[in-house]
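Visitor: First the structure, which I've put down as structure tokens, then a few questions once you've had a look.
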Amino acid sequence: MARDHDHPTTSGSWRRWPRRVLIMYLGDGMEYADVDTVYHAPLHPYTRGLLNSIPKLGLRPDEELEPIGGAVPSLLERPTGCPFHPRCPEAIAGTCDTVEPPVVEAAPAHLVQCHLYTGGRS
Ligand code: SF4
């Protein structure tokens, strides 16, 4: 995960600048948007998996985290198609395992690299 550097706006306030975050997997950008959007309305299955695996305040002792299934593949044996497809619960057989998804603007200023948001244009 990488974050843009914060910059002051012309008003000089550091808080007004929309902080953006880039979610990465195996060296590829998967999702890019402002922090609030990624945290509260993630689109990419990997981002959702990451957020589901984070302990939350108020977690009961009997509640379990939901880790992302599988293991991170070796960079030397990078999967074909979408690099996340072997672990993705929403993978589309015959597409995600063969075709690299394009980066699309799924919502204003919200970029995602996933076949679920290409509208059949992959
Ligand atoms: S492109 Fe396919 S495998 Fe990759 S994250 Fe999207 S649905 Fe999952």
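Visitor: Can you compute the charge dipole magnitude of the range 33-122 about its Cα centre, using +1 on each Lys and Arg Cβ and -1 on each Asp and Glu Cβ, nothing else charged? Give it in debye, rounded to the nearest 20.
Guide: In total the dipole reaches around 100 debye.
Visitor: Sort Y32, Y39, Y25 by heavy-atom solvent-accessible area, probe 1.4 angstrom, most to least. It would help to have the intermediate numbers written out before the result.
Guide: Values: Y32 65, Y39 130, Y25 10 Å².
Greatest to least solvent exposure: Y39, Y32, Y25.
Visitor: In what order, largest first, do T118, T80 sit by accessible area if the probe radius is 1.4 Å?
Guide: Values: T118 5, T80 90 Å².
Final ranking, largest accessible area leading: T80, T118.
Visitor: If each residue of separation counts as 0.36 nm, what is the full-extension length gain between D97 and A41 once their alpha-carbon separation is subtracted?
Guide: Values: separation 56, 0.36 × 56 = 20.16 nm, distance 2.54 nm.
Going from the current span to full extension adds 17.6 nm.
The values are calculated or read from the model by the stated rules, or taken from the named source; none is laboratory data. Source: prediction; values computed, not measured. Cβ: placed from backbone, ideal geometry, glycine included. Neighbour counts: every protein chain shown. These area figures cover heavy atoms from the full protein model, side chains too; ligands, DNA and RNA do not enter into them. Shrake-Rupley method; radii C 1.70, N 1.55, O 1.52, S 1.80 Å.
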